[in-house]
1. Looking only at segment 112-120, decide whether some residue is at pLDDT below 90, in contact with an Asp or Glu (Cβ under 6 Å, 6 or more places away or on another chain) and open to solvent by 70 Å² or more (accessible area, probe 1.4 Å).
2. If Asp137 meets every condition in (1) assigned to a helix (DSSP H, G or I); (2) crowded, with 18+ Cβ neighbours inside 10 Å apart from one, which number is that one?
3. For segment 94-105, check the following and say yes or no: at least one residue is within 21 Å of the chain's Cα centre (by Cα), over 27 Å from Val34 (Cα atoms) and outside any strand (DSSP E or B).
4. Just to be sure I understand, how many residues within segment 165-204 are modelled with pLDDT under 85, open to solvent by 50 Å² or more (accessible area, probe 1.4 Å) and part of a loop (DSSP other than H, G, I, E, B)?
5. Tell me the residue from Glu132, Glu144, Glu80 that is open to solvent by 10 Å² or more (accessible area, probe 1.4 Å), touching a residue at least 40 places away in the same chain (Cβ under 8 Å), closer than 23 Å to Val45 by Cβ and of a type outside the set (Phe, Trp, Tyr), please.
6. Can you tell me which condition Leu53 does not meet? The list is (1) touching a residue at least 60 places away in the same chain (Cβ under 8 Å); (2) within 17 Å of Gln103 (Cβ to Cβ); (3) open to solvent by less than 30 Å² (accessible area, probe 1.4 Å), and all the others hold.
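The values are calculated or read from the model by the stated rules, or taken from the named source; none is laboratory data. This structure is a prediction, so every number in the text was calculated from the model and none was measured. Glycine gets a Cβ as well: all are built from the backbone with ideal geometry, and neighbour counts include every protein chain shown. For accessibility, only protein heavy atoms count, side chains too; no ligands or nucleic acids. Shrake-Rupley method; radii C 1.70, N 1.55, O 1.52, S 1.80 Å.
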Amino acid sequence: MKNRCAVILLVVVLLLMLRSAVVMAASCDPYAVVAKTFTQENIEVAYPQITNLPDDAIQQRINELLRDRPFQCWETDCREITGLNMRTQYVIKWRSANLLTVQYRSYRYIKGAAHPVHMFDTININVNSGSEILLQDLVVIDEEFITLLKAGEFKAVSPKVKESVKFSDQAIIRELIERGAFYLTPVSLGVKVSVPHVAGDFVIFEVKYQDIAGKIKSENPVWREFLL
């Protein structure tokens, strides 16, 4: 019995060490990230830029994606909207030699509107190619996936939102295919779902990779960075 317990303990320790090694390896990337800020009247947007990437053309493509994403306002450029008051901050959710995930949060208010809106967006970039990674590149987005997503950890301004908002599977599928905002953590996939303003404008579902294993497109090289 003691030997069995010792073996189990050793396995747990090894798994924890492996997880730590994956996270440490993910942080060893061939580029640096610097903060930039755009200001124009009542618009102030912080966004990241990368430097020291060996390929200048790929670095330029990545920086254009990082710079332009937070300026997407309702299918137009935020800078072209008269009377817009906007503040945007960003957080780097994942950074490695192969993958860069940036999360943007914005406060936006157009003069004369009934209320401001709080926006949540992300961009996931393949550092090797300089191209954006979409959620549908990583998982199969169907009703079964949505069911698993809803069963994950729920994050909102108020937990009561889950009880008061009707989450339509088909509406969520359309949103995730068209403009799905998501991020990756060492153990979970985070996905944003839009809700009415009175419910906070958006909510986040985080689901563990092990719980959506059947929906993961494991052939995508992005998944090599995670223990799947």
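1. Taking every residue of segment 112-120 in turn, at least one turns out to be at pLDDT below 90, in contact with an Asp or Glu (Cβ under 6 Å, 6 or more places away or on another chain) and open to solvent by 70 Å² or more (accessible area, probe 1.4 Å).
2. (2)
3. Here is the first cut: in segment 94-105, the residues within 21 Å of the chain's Cα centre (by Cα) are 94-105.
From the residues that got through so far, the ones that are over 27 Å from Val34 (Cα atoms) too are none.
No.
4. 3
5. Within the list Glu132, Glu144, Glu80, the selection yields Glu132.
6. All conditions pass for Leu53, except number (2).
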